[in-house]
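S.K.: Below is a structure I'd like to ask you about.
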Amino acid sequence: MVDWLFLAKALLLGVIEGLTEFLPVSSTGHLIVVGDLIGFFNEGKVFEVAIQLGAILAVLFEYRQRFVSVATGLRSDPKAQRFVLNLLVAFLPAAVMGLLFIKQIKYYFFNPVSVATALVVGGLLILYAERRTHSVRIHQVDDIGWRDALKVGCAQVLAMIPGTSRSGATIIGGMFFGLDRKVAAEFSFFLAVPTMFAATFYDLYKHRDVLSLSDAPMFVVGFAAAFVSALLAVRTLVRFIATHTYEVFAWYRIGFGVVILATWYWGWVSWSV
């Protein structure tokens, strides 16, 4: 028998995942907070990781011409080869740190209070990044060198702490390292593909013993919702940053984080810690 309330919760979390994955507000943090609030719990948090696949495919669909061009030109096109090398170099730091510390991170930081703290701290860093004087060296994704890619990859390691935001760490980190605002955002989108594919399939494999066929409707609903909402978010963000800064996201993070911390401190909401 279908549990429609459970599927409604999966739909809600799928929409939240898609809308927040590529914005500098932390999708994992939002999933943890909302999941805790609505009583959606799953073994090993595997659902929250698995539905990221829908968001990844949204990026592949939106930039399909770029990825097809890279795939077809990989043998002979230096630009395609450098693009793949940059993604690999940027992916490695988070991959290594994830394999070493993911258990500890999930145990200590996958709770609303830790998320709220990271949201506030990250918001303050975004405000600082936006108000400092920028020295832009790189105006095209194809101009990124492997050293710049490695720096962005090291920034992505910070996003292993929920509430930090993978896109926020890579975009703001990229701006610190001299990337143009739009270039930093697009490279963050591209870097999400190997990073999130690896995290998704590793987590599914690791928790394969707790998955069952009865979970399929939950994953399908969450996956589809994440794909559609992520596609909308990516298109909207690219247009938005053409004429705006990221300060609005910083203030949103700070406000959201402060509300969670306040309701926890005064006992208005029984957040898990």
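The values are calculated or read from the model by the stated rules, or taken from the named source; none is laboratory data. Just so we're clear, the structure is a prediction, and the values are computed from it rather than from any experiment. A quick note on method: Cβ atoms are made from the backbone with ideal geometry, for glycine too, and the neighbour counts reach across all protein chains shown. Just the protein is used for accessible areas: all its heavy atoms, side chains included, with ligands, DNA and RNA removed. Shrake-Rupley method; radii C 1.70, N 1.55, O 1.52, S 1.80 Å.
S.K.: Report, in deg cm²/dmol and to the nearest 500, the calculated mean residue ellipticity at 222 nm for the chain, where each DSSP H run with n ≥ 4 adds -39500 (n - 2.57) and the sum is divided by the residue count.
M.R.: When only DSSP H runs of four or more count, the value is -24500 deg cm²/dmol.
S.K.: How high is the FRET efficiency between S270 and V84 when r is their beta carbon distance and R₀ equals 45 Å, given to the nearest 0.05?
M.R.: Numbers: r = 47 Å, r/R0 = 1.05.
Given R0 = 45 Å and the Cβ-Cβ separation, E is 0.40.
S.K.: Kindly rank 171-178, 214-221 from highest to lowest mean number of other beta carbons found within 10 Å of each residue.
M.R.: On the way: 171-178: 23.1, 214-221: 15.5.
Packing order, densest peptide first, comes out as 171-178, 214-221.
S.K.: Starting at the first residue of region 257-268, write each ³J(HN,Hα) from the Karplus equation 6.51 cos²θ - 1.76 cosθ + 1.60 with θ = phi - 60°, in whole Hz, x for Gly and Pro.
M.R.: x, 5, 4, 4, 5, 5, 5, 6, 4, 8, x, 6
S.K.: Contour minus end-to-end for I105 and H134, with contour as 0.36 nm per residue of separation and end-to-end as the Cα-Cα distance? Mind showing how you got there, number by number?
M.R.: On the way: separation 29, 0.36 × 29 = 10.44 nm, distance 3.26 nm.
Taking 0.36 nm per residue and subtracting the Cα distance, the gain is 7.2 nm.
S.K.: Follow-up question, since we're still on this one. May I ask you to give the average projected area over all directions of the convex hull of the Cα atoms of the chain, in nm² rounded to one decimal?
M.R.: It is 14.7 nm².
S.K.: Work out the charge dipole of region 13-71 with +1 on the Cβ of Lys and Arg and -1 on the Cβ of Asp and Glu about the Cα centre, then indicate which of F61, I32, A71 is farthest towards its positive end.
M.R.: A71
S.K.: Could you give the C-alpha radius of gyration of region 225-273 expressed as a fraction of 2.2 N^0.38 Å, taking N as the number of residues it contains?
M.R.: For region 225-273, the normalised Cα radius of gyration comes out at 1.61.
S.K.: Something else: Please check: in the Gaussian network model of the chain (C-alpha springs, under 10 Å), which one of S229, S69, S114 has the largest mean-square fluctuation.
M.R.: S69
S.K.: In nm, what is the difference between 0.36 nm times the number of residues separating L124 and D3 and their Cα-Cα distance?
M.R.: Between L124 and D3, full extension yields an extra 39.4 nm.
S.K.: Whole-Hz Karplus ³J(HN,Hα) for region 124-137, in order, using 6.51 cos²θ - 1.76 cosθ + 1.60 and θ = phi - 60°, x for Gly and Pro?
M.R.: Residue by residue, region 124-137 yields 5, 5, 5, 4, 4, 4, 6, 9, 7, 7, 9, 10, 7, 9 Hz.
S.K.: For the chain, what relative contact order do you get, as a whole percent, if you take Cα pairs closer than 8 Å and at least 6 residues apart?
M.R.: 38
S.K.: A follow-up question, please. With label points built 7 Å along Cα→Cβ from the Cα atoms of L74 and S212, find their separation and express it in nm.
M.R.: Simple spin-label model gives 3.9 nm for this pair.
S.K.: H244 versus D143, label points 7 Å from Cα toward the beta carbon: distance in nm?
M.R.: It works out to 2.6 nm between the two label points.
S.K.: Points 7 angstrom from Cα along the Cβ direction at I38 and L92: gap in nanometres?
M.R.: About 4.0 nm, to one decimal.
S.K.: Among the trypsin sites (Lys or Arg not before Pro) in region 58-126, which ones are in a DSSP loop with at most 16 other Cβ atoms within 10 Å of the Cβ? Mind listing them?
M.R.: Passing both the DSSP loop test and the Cβ count: R75.
S.K.: Hey, another quick one. So, with a 1.4 angstrom probe, what is the percent of accessible area on region 91-159 that is carbon and sulfur?
M.R.: Working: 2550 of 3880 Å².
Answer for region 91-159: carbon and sulfur cover 66 percent of the accessible area.
S.K.: Can you list the lysines whose alpha carbon is less than 25 Å from that of K206, not counting same-chain residues fewer than 8 positions off?
M.R.: K9, K45, K103, K106
S.K.: Let me ask something else. In whole Hz, with x marking every Gly and Pro, tabulate ³J(HN,Hα) for region 194-205 from phi via Karplus 6.51 cos²θ - 1.76 cosθ + 1.60, θ = phi - 60°.
M.R.: Result, ordered by residue: x, 5, 6, 4, 4, 5, 5, 6, 5, 5, 5, 5 Hz.
S.K.: Please state the charge dipole magnitude for the chain, taken about the Cα centre, from unit charges on C-beta atoms (+1 on K and R, -1 on D and E), reported in debye and rounded to the nearest 20.
M.R.: It works out to roughly 640 debye.
S.K.: What does the extension gain come out to for L150 and L232, with contour length at 0.36 nm per residue minus their alpha carbon separation?
M.R.: 26.6 nm
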